[in-house]
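Engineer: The structure follows.
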Amino acid sequence: MEVRNETTIQEFILEGFPAIQDLGNIFFLIHLLAYLASITGNVVIITITWVDHRLQTPMYILLSTFSFFECCFITSVIPKLLSIFLLGRQPISFTACLIQAFSFFFFGSIIFFLMAVMSLDRYVAICKPLHYPTIMNLKTCFLLVTACFALAFPLITGLVLKVSYLSFCGPHVIHHFLCDLGPLIHLSCSDTKPTEMLTFVLALFILITSLIITTIAYSNIVVTILRLPSAKEKQRAFSTCSSHLMVLFLMYGSCVFMYVKPKQTNRLDSNREAALVNTVVTPLLNPVIYTLRNKQVHRALRDALSRLRTQKQSFGGTYHCLETKLLRRSLRNQRR
C-alpha cells in the first residue's frame, strides 16, 4: 500500500492504558494467561475436529473454522498489548499499523459472518432436523465459509486503503492499544468525513446483517424449544442457548458501541475498554461455551487422551523390551 507524499508521520505511538501502567506486570500476566488459554482452547477444538472422524460434520467444521479465525484475530492484537503492559508505550510503523488494522477488522468481520452461519446451522438442525442432512452438507459448509471470506476481504481492503491515503501530519500518539480505525482517523489532518462515513456504513452492514440473521435464527430456535414436551429438555436447551446468547451480547454490544456511530472520533477513551471485551473476554469464553456441555466433544477428548496413553504405554513397553534384549546381548558377549 503506497502512502502519498503528504504523509509526514511514518511512525505512531500506541498509548495503551497509561492510568494503570504501574500495574503493568500484573495485567501482563493476566492477559498472557488469558491469551494462552484462548489459543489452547481453540487449538484443541481444531485438532479434535480434524482427528476424530465423528466430529467431521458441518457443525464442528464450522466451529473449528471459527476457532481458527478466532486465533488469528486475537494474535493480531494481543502480542502488542502484552508488550505495552510490560514496557509501556509502544512505537508502530505506519505500514505495520495498517496491517494490524486490516487483520483486526478482516478476521473480526469473518468471525461475525461465521457466527451468523453457525446460527443458521443450528436453526436447520433444531427446527428442520429431517432436512438437515440435505441442506447442510460438507459442500454447503465449504461454500458458506468461502462466502464469509469473500465478503469480508473486499470490504475491509477498501476501507483500509481509504485510510492509507489520508494525510498524517501530527500528533502521532494513538489513544488505544491497537491501530483501531477510529483513533487513527482522528489523527489525520485530511478531510476525514468520507472515511468516517464509510467506516460507519461498513460497520453497520457487517454488524447489523449478521445480527439480524443470528437473531432470526435464535428466535426460531427458542420457539421450537418452547414446544418441547419435556421440561428437562427445555431447561437443558435454554441453558445452552443462554450461554451462546451471552457471548453474542458481549460481542455485538461492544462493537455496536465502538463503531456504529456516524462520527468515529466520539468516545475514543471508552473504546479501549470495549475493545478488551472482544479481544480478551469473548475469545476466552468461546471455547468453553461451545464445548463445555457438548458430550460429543467430551467423548472425543477422552478417546484422544486414551489413545495417547495407549501409545505411551506401548512405546514404554517397546523401549523396555529393547533395553532387556540389549542387556542380555551384553551379558552373552561378556561370558564369551
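The values are calculated or read from the model by the stated rules, or taken from the named source; none is laboratory data. These numbers come from a predicted model, not from an experiment. Here the Cβ positions follow ideal geometry from the backbone for every residue, glycine too, while neighbour counts run over all protein chains shown. Accessible surface areas use protein heavy atoms only, side chains included; no ligands, DNA or RNA. Shrake-Rupley method; radii C 1.70, N 1.55, O 1.52, S 1.80 Å.
Engineer: Got at least one residue in region 108-120 being touching a Pro at 6+ places or on another chain (Cβ under 8 Å) and either at pLDDT 95 or above or of a type outside the set (D, E, K, R) (or both)?
Structural biologist: There is no residue in region 108-120 that is touching a Pro at 6+ places or on another chain (Cβ under 8 Å) and either at pLDDT 95 or above or of a type outside the set (D, E, K, R) (or both).
Engineer: Do you know which residues across region 175-187 are part of a loop (DSSP other than H, G, I, E, B) and open to solvent by less than 30 Å² (accessible area, probe 1.4 Å)?
Structural biologist: Within region 175-187, 176, 177, 178, 179, 180, 187 qualify.
Engineer: Being closer than 16 Å to residue 176 by Cβ and either open to solvent by 10 Å² or more (accessible area, probe 1.4 Å) or at pLDDT below 90 (or both) narrows it down to one of 96, 125, so name that one.
Structural biologist: 96
Engineer: Name the residue that is farthest from residue 151 (Cα to Cα), counting only residues in region 167-210 that are among the hydrophobic types (A, V, I, L, M, F, W, C) and free of Cβ contacts under 8 Å to residues at least 60 places away in the same chain. Steps first, answer last, please.
Structural biologist: Looking only at region 167-210, we keep the residues that are among the hydrophobic types (A, V, I, L, M, F, W, C), and these are 168-169, 173-174, 177-179, 181, 184-185, 187, 189, 197-198, 200-208.
From what's left, free of Cβ contacts under 8 Å to residues at least 60 places away in the same chain: 189, 198, 201-205, 208.
Working: 189: 31, 198: 16, 201: 15, 202: 11, 203: 13, 204: 14, 205: 11, 208: 15 Å.
Filtering region 167-210 for residues that are among the hydrophobic types (A, V, I, L, M, F, W, C) and free of Cβ contacts under 8 Å to residues at least 60 places away in the same chain, the one farthest from residue 151 (Cα to Cα) comes out as 189.
Engineer: Does residue 154 fit the bill of being open to solvent by 40 Å² or more (accessible area, probe 1.4 Å), without any contact (Cβ under 8 Å) to a residue 24 or more places away in the chain, out of contact with any Pro (no Cβ under 9 Å at 6 or more places or on another chain) and over 26 Å from residue 251 (Cα atoms)?
Structural biologist: Numbers: open to solvent by 40 Å² or more (accessible area, probe 1.4 Å): yes; without any contact (Cβ under 8 Å) to a residue 24 or more places away in the chain: yes; out of contact with any Pro (no Cβ under 9 Å at 6 or more places or on another chain): yes; over 26 Å from residue 251 (Cα atoms): no.
It is false that residue 154 is open to solvent by 40 Å² or more (accessible area, probe 1.4 Å), without any contact (Cβ under 8 Å) to a residue 24 or more places away in the chain, out of contact with any Pro (no Cβ under 9 Å at 6 or more places or on another chain) and over 26 Å from residue 251 (Cα atoms).
Engineer: Would you pick out the residues in region 22-32 that are surrounded by fewer than 15 Cβ atoms within 10 Å (Cβ to Cβ) and modelled with pLDDT under 90?
Structural biologist: 22, 23, 25
Engineer: While we're looking at this one, here's another question. What pairs come up if the first residue lies in region 64-92 and is small (Gly, Ala, Ser) and modelled with pLDDT under 90, the second is part of a loop (DSSP other than H, G, I, E, B) and crowded, with 19+ Cβ neighbours inside 10 Å, and their beta carbons are under 8 Å apart, counting only those six or more places apart or on different chains?
Structural biologist: Final answer for the pair search is 88/16.
Engineer: Also: Which condition number does residue 35 fail, the rest of (1) open to solvent by less than 70 Å² (accessible area, probe 1.4 Å); (2) at pLDDT below 85 being met?
Structural biologist: Unmet for residue 35, out of (1) open to solvent by less than 70 Å² (accessible area, probe 1.4 Å); (2) at pLDDT below 85: (2).
Engineer: Would you confirm, using the coordinates I've provided, whether residue 249 is among the aromatic types (Phe, Trp, Tyr) and within 18 Å of residue 93 (Cα to Cα)?
Structural biologist: Judged against the criteria, residue 249 is not a match.
Engineer: Can we say residue 113 is touching a strand residue (DSSP E or B) at 6+ places or on another chain (Cβ under 7 Å) and in contact (Cβ under 8 Å) with a residue 24 or more places away in the chain?
Structural biologist: Details: touching a strand residue (DSSP E or B) at 6+ places or on another chain (Cβ under 7 Å): no; in contact (Cβ under 8 Å) with a residue 24 or more places away in the chain: yes.
Answer is no for this residue.
Engineer: Output yes when any residue across region 199-222 is assigned to a helix (DSSP H, G or I), open to solvent by 20 Å² or more (accessible area, probe 1.4 Å), over 28 Å from residue 289 (Cβ atoms) and of a type in the set (A, V, I, L, M, F, W, C), and no when none is.
Structural biologist: Yes, region 199-222 has at least one match.
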